[in-house]
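Below is one structure, written out as structure tokens; the observations come after it.
The values are calculated or read from the model by the stated rules, or taken from the named source; none is laboratory data. All figures in this text were calculated on a predicted structure; none of them were measured in a lab. Cβ atoms come from the backbone with ideal geometry, glycine included; neighbour counts cover every protein chain shown.
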């Protein structure tokens, strides 16, 4: 009487743990092989105060075929966009920050290692690649605001 | 020297908005299907325990806070106790505890006021988060290493008094309430205060901690630390999920963690301690979630006020839910309803440990390594005091997000199952015979809500 229920509980738990394991492994199946370069790299190009966008040269080390993720950042009269949005990227994918601002702006990315973007007034493009999977908060400095959170997956 | 500081600051980034704590990048959110699966498992396990588990208390002793489970091989454990309870061991562990805090203080006083100061990491990561695994492995960990117990014992030896007893007895109605206040003061400093990573604030907090603990110890003796030291109370509660226990005479025992769990003494304020621990961890997840950040950034309401109200609100909410769920069914064991939350509080401890483990796993493992690296250079002048300065932190968990998500959800679900079993066992001991199954439903509902809520916050962070 006392033994059987315990065994049944144990069976249910083991079955549950196995299911959990299968789901978790499925999510991990295609582990990205490291591109070799560690950390993130940044390149930027600026076009004065004219307001016209210029094309960023492709980031060193990243392949030209990979689709890049474009993040439009605008800072106008104290109004900052985007406001804490979630984006998805993959490891090594070029991420282009197209910054349109009326004041010089400093943007920090909390990847490891971190990256910093210094944007002059006007429109400029800055390309970043992130080579370790994590959730990366990209924040504006002064005023301190979270712009986007990028889930960088393998 | 200046150049070392500057480069280090750029590396670790002193500017943090969303995560105002110390060096914690948010984990990648766990996949939604794992949230659903974990919640379903928790739900199924709860009702399995309710429906097919034992009908008489299996762990609970004749009175709450005792167990009927026999200890494992007392003859063998007695030999272990010869080593663990040896006066030399006590001296060594206390000296280690004092050395840890002395080093922490030294870094906070003499080191730079930046996040690379190892004093900050030793305080928030190694001490606060490290208490959980250390207590799971070794039982009442902080009690052995407590620097305030060490100082109190030294003072008592000089004065020729007994450190166990002070000038007065601590009134029994006090219970864990002072620890609940102390724990709230800690989580407020860590999660709400704008100067949480200023060395000056941590110094001030620690100075107050030492002052209160030494005065309390002098007045009430060591019983004060059992009830009022936030770190010791936290460690002792988590230590009840280890295999190490003590009987009434203080003899070392090895027994099932579930038997140990039922020996948590249901003193007043236990439910409050539990509410602070769970509510504050939920708050830490919640304040990092994007909807909350968007709200704070868009509104004109003062963000300090929002954070204060949210932390207090979550702690009070958890406390009220626990009080309502545990007091919903009256006991026929002569326990008034107002004392039921303390009677059931122990069963929430495994949920807290599972959720805190999931929440802080990468923080402790990855940032913890970084703190050990910083510890070699407390003054940021390029020195390598402990020989760890040139080590590289391993980001094994972040690199294996699938494994990480599995460990996180697994920890939460296991915690929930242990909690459901403990609650079931205590309910059998306390609830009237004709309400023994239905009377458990409110607590079961609360546990499922806490578990599903915790999983959702891990997903939405």
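Just one of the listed residues (B:368, B:410, B:382) is more than 14 Å from chain A (Cβ to nearest Cβ) and part of a helix (DSSP H, G or I), namely B:368. Residues that are surrounded by 18 or more Cβ atoms within 10 Å (Cβ to Cβ) and either in a helix (DSSP H, G or I) or at positive phi (or both) within the stretch B:190-204 comprise B:190, B:191, B:199, B:202, listed in sequence order.
Whether a residue is closer than 23 Å to residue B:339 by Cβ and either crowded, with 16+ Cβ neighbours inside 10 Å or modelled with pLDDT under 95 (or both) was assessed, and residue B:168 does not pass this test. Residue under question is residue B:85, and the condition is that it be touching a strand residue (DSSP E or B) at 6+ places or on another chain (Cβ under 8 Å) and at pLDDT below 95; does it hold? It is true that residue B:85 is touching a strand residue (DSSP E or B) at 6+ places or on another chain (Cβ under 8 Å) and at pLDDT below 95.
The residues of the stretch B:322-362 that are surrounded by fewer than 20 Cβ atoms within 10 Å (Cβ to Cβ) and under 20 Å from the mean Cα position of the chain (by Cα) amount to a single one, B:361. Residues of the stretch A:139-154 that are out of contact with any helix residue (DSSP H, G or I) (no Cβ under 9 Å at 6 or more places or on another chain) and farther than 19 Å from residue A:79 by Cβ: A:150, A:151, A:152. Among the residues of the stretch B:31-47, those identified as facing another protein chain (nearest Cβ under 9 Å) and crowded, with 21+ Cβ neighbours inside 10 Å are B:34, B:38, B:41, B:45. The number of residues in the stretch B:106-143 that are at pLDDT below 95 and closer than 19 Å to residue B:214 by Cβ comes to 0. For the stretch B:170-177, the count of residues that are under 30 Å from residue B:303 (Cα atoms), in contact (Cβ under 8 Å) with a residue 60 or more places away in the chain and under 23 Å from the mean Cα position of the chain (by Cα) is at least one. Does residue B:7 meet the test of being modelled with pLDDT of 85 or more, assigned to a helix (DSSP H, G or I) and away from chain A (no Cβ under 11 Å)? The answer is no for residue B:7.
With respect to residue B:333, is the statement that it is touching a residue at least 24 places away in the same chain (Cβ under 8 Å) and in a loop (DSSP other than H, G, I, E, B) true? Spell out how you get there, then give the answer.
Details: touching a residue at least 24 places away in the same chain (Cβ under 8 Å): yes; in a loop (DSSP other than H, G, I, E, B): yes.
Here the answer is yes, as residue B:333 does meet what is asked.
It is to be established whether one or more residues within the stretch B:339-354 are within 14 Å of another protein chain (Cβ to nearest Cβ), part of a helix (DSSP H, G or I) and closer than 28 Å to residue B:276 by Cα. Within the stretch B:339-354, one or more residues are within 14 Å of another protein chain (Cβ to nearest Cβ), part of a helix (DSSP H, G or I) and closer than 28 Å to residue B:276 by Cα. Identification of strands (runs of 3 or more DSSP E) wholly contained in the stretch A:66-154 with 3 or more residues that are under 24 Å from residue B:404 (Cβ atoms) yields A:85-90, A:134-141, A:145-153. Exactly one residue out of A:96, A:128, A:70, A:136 is more than 30 Å from residue B:397 (Cβ to Cβ), modelled with pLDDT of 90 or more and out of contact with any helix residue (DSSP H, G or I) (no Cβ under 8 Å at 6 or more places or on another chain): that is A:70.
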